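The values are calculated or read from the model by the stated rules, or taken from the named source; none is laboratory data. For clarity, every value in this text was computed on a predicted model and none was experimentally measured. Backbone-built Cβ (ideal geometry, glycine too); neighbour counts: all protein chains shown.
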Amino acid sequence: MSDYHKTKAQLLKELAALRQTVAELRQQATTPIAAAPKMEGELPSSAERFRQFILSINDHAYVTEVTETGRQFNLYISANFETLTGYPEAQLRADGVFWPSWIIHPDDRPVAAAQVAQLARGKDSEAEYRLVRANGQIVWVHDSARVERVGASTLVYGIVSDITERKRREMGLDRLLELSRALVTTHTPTAVLDQAIKAATETAPAADRGSLQLLDDTGQTLHTVAISSPDETLGQVITFRPGEGIAGHALASNQTINVADVLADERFLPSELPLRFRSLLVAPLVVKSRLIGTLSLSSQKVGAFVAADEILVQLIADQVAAALENARLFDSYLQAENLRKAHQFLQATIDALASHIAILDERGQIIAVNARWRLFAEANGYAGSNYGLGLNYLEICEAATGPDAEEAPMVAEGIREVMAGQRNQFYLEYPAHNPLERRWFGVRVTHFQDAEATWLVVTHEDVTERRLAEEALRASEEKYRNLTNQLPVGVYRDTPPGKLVYANPALAVILGYNNIEEMLQTSIRNVFDNPQERDAHLARCHLNGEVAYHELKARTAEGAQIWVRDTARVFLNEAGEIDYIDGIIQDITDHRAAAEALKASEIRFRSLIQNSSDIITLLAADGRVQYVSPPVEWILGYPPERVVGRNVFSYVHPEDLPGLQTRFHETTQHPGIDDTPFEFRMRDAQGQWRWLEAVSNNLLDDPNVKGIVVNGRDISRRKQMEEQLRLLEAQFLQSQKMDAIGRLAGGVAHDFNNVLTVIRGYSDLLLMHLREPEDLRSYVEQIRKATNHAASVTRQLLIFSRQEMAQPEIIDLNGVMIDLEKMLERLIAEDVDLEIRLDPALGLVKMNPGHIEQVVMNLVINARDAMPYGGQITIQTANIAIDETTPLQPLPLQPGRYAQLTVTDTGIGMDQETLSHIFEPFYTTKEQGKGTGLGLSTVYAIVNQSKGSIQVYSQPEQGTTFQVYLPCLTDQIGPDLRMADNQDLDAAPGKKLETILLVEDEVEVRKLTRLILLKQGYHVLEAQHGEEALRLCQQSLETIHLVLTDVVMPNGMNGRELAERLKVIRPEAKILFMSGYTDDVILRHGVLDANLNFIQKPFTLNILLRKIRETLDASQ
């Protein structure tokens, strides 16, 4: 190192001279040209001296100029820089800077940059950093630079030294220090052996491989214990003996051996393994002149290791040897400490034992005693001799004499036998020698040994308690033996192979043996039909360690098969194996038969419950479902497991819930059957309500049930049928009521129509003949108008009772509504709006046109009266298809197509009580004198007569809607050719010599009709009834052109019968029927036929004469 500093000092001195020379050169560059020849001569000599100086040293020099603008120029770089970096001088000078950034190691570029920055500030600087050679090799350099200002420029003079080797030595020393700290701080050096090898190979860079060898316990063989080569294992490394091979010679000579080429060294022992090295460096591991191993480094190069490597590797070897010795000493300390702790633990353990314990050596000398033994020694006078420690216990026993030492010779003999290995242990129990004290003692002698010595353990213990317990146990066993002999169940003890050790008399009886002795001669396994099943049962007992129960088949001594319950428990020996089995056997043949019968019964009743159409439910006292039978799924749609656990009341209809809860509470208070059915609704899985009828049985007190059994039956279909029956009954009662009213109306109509016929007829006659004065004609017209009004009332009575002679025609409802629109607008008030919506594709219907007009008029008038403060009436028509599911009441319909007429108002509406009576005749909510109560009943009768239906929807203050359904015609219909019934026809006079036979039982009607006919020019014959009419026809010789006859007449012959008789005697006579009776009466008399001529009373004069003329003029 001193040579290095001397050379560096000389270089700096010469650099100073160089600076002076450079300054002179710069000055001369500014002199006149005339002086140039002289400078040219001086410059080469100065530069040559500098060059020769640089070449004479090993370090690397450079000079760099930095101009005012910051540009750098390499004025000089010594040639040996090419050797240092591996780059040509021209490439290094190309960038103008001394070190291009790409040649400096990336991690050290900040260090170089800091040096440049310091030089730029005009300060000298030194730095150490790494360069990356052209071949990728890393070299460490020391850069020492000085700065000098020369004019406007700055000159940097630098010396660069290769310090790679120095750095390697420093790192080796650092690694050695780290290794030393690791070895000193660990007591298990084997953990850092690999670290030691790694430190050695890094300290000697030429090393390719390192290994560590230790001498075995015999000191004769070296074994490799650590290796750095990744492609070798310890098992592949050859072992050496001391003095054999290079490693063996290093160990034997206690010197580091550096072999430049092992192939040229006679100490090298080749092996069968391929040669992996040529150079070898081996350092011995020595501790206090004791050789323990070697540390070896190898390289594939020849002469790879130098003297410095020898020193460092030996230092590492010394550190490893010291660490191994420290670890050995620490292990010895730990062993001694563990032995001391073990002795303390042993002493504490035997001190804690209740027995008197002494430990003897192989000669019988006492070497250790426990606390109880020390108390024993004090009691027997041995305390002064250190509690007998050091005395020979065998000699003490042999020397003992007297009546109190009767057992001593036997103990001495036992000790000798154990010492000699004739027996594993000796044990003797003896009673206390004090006759007043009932005590027992036991002495036990056992031995144990290791590789070094044999010891005996002598234990004296008081066994009085155990002896007394054994006596008590024997007494207890005898007592329990007597007890088990009296038990009715079989008790046994057997061994794993099945050998019976004990059996009580009951077991012999159960299995059919004559006595216990005979029973004990057999194996318990032979008793069972399937011994393997019993073995598996015992295995489970063994596994669980508990009492186990099992039922299996057995055979008696006579071969009869029985069922037994084997209750067994296994007892294990010290090895954990089954020692013996204690068990109880019960004959359960009768019990099994009863259980099988019960099971069959349960299956039978379960099948009944599961296949029953009723729902069987078991409820807890709080209503929770504990069980429900499968029918719940196909009745309510719930799987049984979904219902179980839920409260049954959560499925009940809210309206039925209070009553059902009350009934359930009463049931819980009274045990037994409640056979009074109760009905309620439950929600099914689709959200629909199903009707159930149920009865219950309170079995909460029954321990086998603990619940309330409810038997529920689905009665939804029955409820529907009952509802339909109720509706049918209501319809039947309504029909009966209407029929009764109709009969009354028919009777009234007959007499009233006759009266009206007379009044109307005479009124017409008066009007025909009364021309003046005008006021008299007005009186007669008022009489005629009142007669027409009375006839209208009669007609309404007949309509609602379906007893008017209806004359249906094919009509278009839309056309009727268009014709009525103006009239309806005049009927309603100005503050009521009328809106008509017509379906253009509405189907045709067949009914009396006057009837449908009356229906619309009555509905609109009702709607108007329901809106005293104004509102809106809407009339709509539409086509509707009706099927079986359409709920229409009170008039159900057959499936098909219907024309729907809807009348809606925004009036005051109606409550349910009013709705239940609106179609009853004479029922009205209007003030007295403002309504007849026949409006809606007439509508009802017309719709019913037309085979239709009417629906009404209303709520208070929500308005009312009436929907009328009339059957549509399915056939193609031609144009409407109807004619109004009340159209007056011109009276046609009778033809000359036309004779009419008038048959009428009412005198006034007959007189009026005769008068009208006579005035019209007809010849009239009169008859009061049918019999008289027949006589006239038979007696008269003149031709009778027309018979005008009443339908219903006294004396047993009606109009139809008269007509049938007249066809025989007067076939040329035409028949015209008339009647004031209702249509059902006429039907019963055979007149209601579309092909027959008929006129309804009361009739007008013109209608009567026109009908007569039509009948006479019609072809026969």
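Taken over the stretch 1076-1112, residues that are modelled with pLDDT under 80 and in a loop (DSSP other than H, G, I, E, B) amount to 11. Scanning the stretch 240-261 for residues being surrounded by fewer than 15 Cβ atoms within 10 Å (Cβ to Cβ) and modelled with pLDDT under 75 gives a total of 1. Please verify whether the stretch 710-726 includes one or more residues that are surrounded by 15 or more Cβ atoms within 10 Å (Cβ to Cβ), under 35 Å from the mean Cα position of the chain (by Cα) and of a type in the set (Gly, Ala, Ser). Yes, the stretch 710-726 contains at least one residue that is surrounded by 15 or more Cβ atoms within 10 Å (Cβ to Cβ), under 35 Å from the mean Cα position of the chain (by Cα) and of a type in the set (Gly, Ala, Ser).
Taking into account only those residues within the stretch 809-865 that are basic (Lys, Arg) and out of contact with any strand residue (DSSP E or B) (no Cβ under 9 Å at 6 or more places or on another chain), which is surrounded by the most Cβ atoms within 10 Å (Cβ to Cβ)? The extreme case among them is 822. The one condition from (1) over 27 Å from residue 466 (Cβ atoms); (2) assigned to a helix (DSSP H, G or I) that residue 410 does not meet is (1).
Reported count of residues in the stretch 658-683, each being without any contact (Cβ under 8 Å) to a residue 12 or more places away in the chain and under 39 Å from the mean Cα position of the chain (by Cα), is 3.
Can you confirm whether residue 673 is surrounded by 13 or more Cβ atoms within 10 Å (Cβ to Cβ), in a helix (DSSP H, G or I) and β-branched (Val, Ile, Thr)? It is false that residue 673 is surrounded by 13 or more Cβ atoms within 10 Å (Cβ to Cβ), in a helix (DSSP H, G or I) and β-branched (Val, Ile, Thr). Going through 568, 575, 508 one at a time, which residue ends up being within 56 Å of the chain's Cα centre (by Cα) and either part of a helix (DSSP H, G or I) or surrounded by 15 or more Cβ atoms within 10 Å (Cβ to Cβ) (or both)? Sole residue among the options that is within 56 Å of the chain's Cα centre (by Cα) and either part of a helix (DSSP H, G or I) or surrounded by 15 or more Cβ atoms within 10 Å (Cβ to Cβ) (or both): 568. Selection of first residues in the stretch 684-713 that are over 21 Å from residue 666 (Cα atoms) and of second residues that are among the basic types (Lys, Arg), restricted to Cβ pairs under 7 Å at least 6 apart or on distinct chains, gives the following pairs, ordered by first then second residue: 684/690; 689/681; 689/683; 690/681; 691/681; 691/719. Of all the residues in the stretch 658-691, those that are of a type outside the set (Gly, Ala, Ser), under 18 Å from residue 713 (Cα atoms) and out of contact with any His (no Cβ under 6 Å at 6 or more places or on another chain) number 17.
Let's see how each residue does on (1) more than 28 Å from residue 360 (Cα to Cα); (2) outside any helix (DSSP H, G or I); (3) among the acidic types (Asp, Glu); (4) within 60 Å of the chain's Cα centre (by Cα):
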| position | (1), (2), (3), (4) |
| --- | --- |
| 455 | no, yes, no, no |
| 459 | no, yes, no, no |
| 476 | yes, no, no, no |
| 481 | yes, no, no, no |
| 488 | yes, yes, no, yes |
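Taking residues in the stretch 491-507 that are outside the structural domain of residue 525 (by TED's automatic domain parsing), and partners anywhere that are surrounded by 17 or more Cβ atoms within 10 Å (Cβ to Cβ) and not β-branched (Val, Ile, Thr), not one pair has Cβ atoms closer than 7 Å while being at least 6 places apart or on different chains. Note on the stretch 385-415: among residues that are among the charged types (D, E, K, R) and out of contact with any Gly (no Cβ under 9 Å at 6 or more places or on another chain), the one that is modelled with the lowest pLDDT is 404.
Within the stretch 626-643, which residues are under 13 Å from residue 686 (Cα atoms) and in contact (Cβ under 8 Å) with a residue 40 or more places away in the chain? Answer for the stretch 626-643, where residues must be under 13 Å from residue 686 (Cα atoms) and in contact (Cβ under 8 Å) with a residue 40 or more places away in the chain: 635, 636, 637, 638.
Quick check: is even one residue across the stretch 596-605 touching an Asp or Glu at 6+ places or on another chain (Cβ under 9 Å) and within 30 Å of residue 690 (Cβ to Cβ)? Checked the stretch 596-605: no residue is touching an Asp or Glu at 6+ places or on another chain (Cβ under 9 Å) and within 30 Å of residue 690 (Cβ to Cβ).
One residue stands out in the stretch 782-820 among those that are charged (D, E, K, R) and modelled with pLDDT of 60 or more: the one that is farthest from residue 936 (Cα to Cα), namely 784.
Residues of the stretch 121-140 that are aliphatic (A, V, I, L, M) and either in a strand (DSSP E or B) or modelled with pLDDT of 90 or more (or both): 127, 131, 132, 138, 139. Here residue 732 meets each of (1) part of a strand (DSSP E or B); (2) outside the structural domain of residue 633 (by TED's automatic domain parsing) with one exception, condition (1). Among residues of the stretch 293-310 being out of contact with any Lys or Arg (no Cβ under 9 Å at 6 or more places or on another chain) and within 22 Å of residue 243 (Cα to Cα), the one that is surrounded by the most Cβ atoms within 10 Å (Cβ to Cβ) is 295. Of the numbered criteria (1) in the same structural domain as residue 362 (by TED's automatic domain parsing); (2) more than 30 Å from residue 372 (Cβ to Cβ); (3) at pLDDT 80 or above; (4) of a type outside the set (Asp, Glu), the one residue 515 fails is (1).
Taken as a whole, the condition of being over 27 Å from residue 630 (Cα atoms), of a type in the set (S, T, N, Q), without any contact (Cβ under 8 Å) to a residue 60 or more places away in the chain and out of contact with any strand residue (DSSP E or B) (no Cβ under 9 Å at 6 or more places or on another chain) applies to residue 724. Could you tell me whether the stretch 589-600 includes any residue that is closer than 30 Å to residue 561 by Cβ, more than 36 Å from the chain's Cα centre (by Cα), surrounded by 13 or more Cβ atoms within 10 Å (Cβ to Cβ) and among the acidic types (Asp, Glu)? No: zero hits. Within the stretch 562-600, being among the β-branched types (Val, Ile, Thr), in contact (Cβ under 8 Å) with a residue 24 or more places away in the chain and under 15 Å from residue 547 (Cβ atoms) holds for 570, 578, 581, 584, 585. Does at least one position in the stretch 223-238 carry a residue that is small (Gly, Ala, Ser) and either outside the structural domain of residue 193 (by TED's automatic domain parsing) or modelled with pLDDT of 75 or more (or both)? Within the stretch 223-238, one or more residues are small (Gly, Ala, Ser) and either outside the structural domain of residue 193 (by TED's automatic domain parsing) or modelled with pLDDT of 75 or more (or both).
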